[in-house]
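The values are calculated or read from the model by the stated rules, or taken from the named source; none is laboratory data. If you're wondering where the values come from, they're calculated on a predicted model, not measured in any experiment. Glycine also receives a Cβ, built like all others from the backbone with ideal geometry; neighbour counts cover every protein chain displayed.
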Amino acid sequence: MRLHALQYLRAIAALAVVYSHAVTQVDAYEPLLKHAGSFGVDIFFVISGFIMIYIAKPGNTFGKFMINRARRVIPLYWFFTLLMAVILLLLPSVFKATRFDLEALLLSLAFIPHWSMVTATEAWPIVAPGWSLNFEMYFYFIFALSLFFIEKYRIAFITFVITGVFLLATFMDTGESPITHFFAKSMVFEFVFGMVLAYAWKKGFRLSSGVAWVLLIVGTVMLFLHLPVPRIIEYGIPSLLIVTACLYINVGESRFGVLLGDASYALYLCHIFVLGLLRKVLPPFLGEGQSAAILFVVISIIVCTIASLFVHHYIDNWLLREERLPKRFRSKS
């Protein structure tokens, strides 16, 4: 069963992230624009936790699961990470504050958190949006470990490990180690939210479409309140409400909406490159003022979306073709 509303939500979450980065691209425009959209990552984490439980199969093993997840995540991420390395070597002025660094490249390819050259207080890879993929791979690894247990204990095991690592990282975090700083982020529990939601869904828990719409409205409003609370409450709880709502809202299938959902991963990774180019090209033509700032963001979102459809169709799908994999990694079907 394909949950169309979740597909549309994936697209919206990716576009929210694009917006959050577009408003910071031009120094003259940034004060004129509303900062928002970083919650797109939190929505992705809840969806990811849900999907892992939703698609779990009895025959899953640690090796099969990790190969399937790595095959889905790594090729496109490595493609853009290596592309970034080439650009930083040949055209470093395209990006605002990043330079080529071999150690940072290797750590980025290995999904190991390290201090960012763009923001010294953040543990980001050289393709900055890829920080969330470090969390995704961490979650996938723990989920794969849970496959050694019988099904009814898996969510408890994952929750126990995530909580233990979070508490240890929080206790050890002095601001000096990127590893402890990274894993001390409370948003990691959003994966647990998604898993519990999937468990309830598979056990038959249902809501009416009317209640789902209420949850969607409440969750959306909460995202824009910017309460001075930990991120797991500020964005995690609203994201859970929104994802829950999208399970129970009755919506039809839109081929374009489904396509945008499928291309959301491509959009998430490629948009930072497109924005770097637009930041150089558009401002001289758009001029100054709030209208120019808004137009820059609108054009950026449209161009990034078009670019993501191209990347999804011609690059991501090409990289995922099974004939490009070693025979032992190909599906048996």
* Asked: For region 260-271, does any single residue satisfy the condition of being over 23 Å from the mean Cα position of the chain (by Cα) and not in a helix (DSSP H, G or I)?
  -> no
* Can you find even one residue in region 42-52 that is assigned to a helix (DSSP H, G or I), out of contact with any helix residue (DSSP H, G or I) (no Cβ under 8 Å at 6 or more places or on another chain) and not small (Gly, Ala, Ser)? -> no
* **Filter result for VAL258 (in contact with a helix residue (DSSP H, G or I) (Cβ under 8 Å, 6 or more places away or on another chain), at pLDDT 90 or above and closer than 22 Å to ILE126 by Cβ)** => no
* **Residue ID - surrounded by the fewest Cβ atoms within 10 Å (Cβ to Cβ), chosen from residues in region 40-83 that are over 17 Å from the mean Cα position of the chain (by Cα) and hydroxyl-bearing (Ser, Thr, Tyr)** => THR61
* Structure fact -> Of the residues in region 4-38 that are within 11 Å of GLY261 (Cα to Cα) and aliphatic (A, V, I, L, M), the one that is surrounded by the most Cβ atoms within 10 Å (Cβ to Cβ) is ALA14
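So that you can scan it fast, the table gives a plain yes or no per residue for (1) among the small types (Gly, Ala, Ser); (2) in contact with a helix residue (DSSP H, G or I) (Cβ under 6 Å, 6 or more places away or on another chain):
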| site | (1), (2) |
| --- | --- |
| VAL211 | no, no |
| GLY219 | yes, yes |
| HIS226 | no, no |
| SER239 | yes, yes |
| ILE249 | no, yes |
| LEU267 | no, yes |
| PHE273 | no, no |
| VAL281 | no, no |
* In region 226-234, is there at least one residue being among the charged types (D, E, K, R), out of contact with any Gly (no Cβ under 8 Å at 6 or more places or on another chain), in a helix (DSSP H, G or I) and surrounded by 20 or more Cβ atoms within 10 Å (Cβ to Cβ)? -> yes
* Complete set of residues in region 84-114 that are surrounded by 17 or more Cβ atoms within 10 Å (Cβ to Cβ), part of a loop (DSSP other than H, G, I, E, B) and either of a type in the set (Phe, Trp, Tyr) or modelled with pLDDT of 90 or more (or both) -> PHE95, PHE111, PRO113, HIS114
* **Condition check for GLU136: closer than 21 Å to CYS270 by Cβ, assigned to a helix (DSSP H, G or I) and of a type in the set (Asp, Glu)** => yes
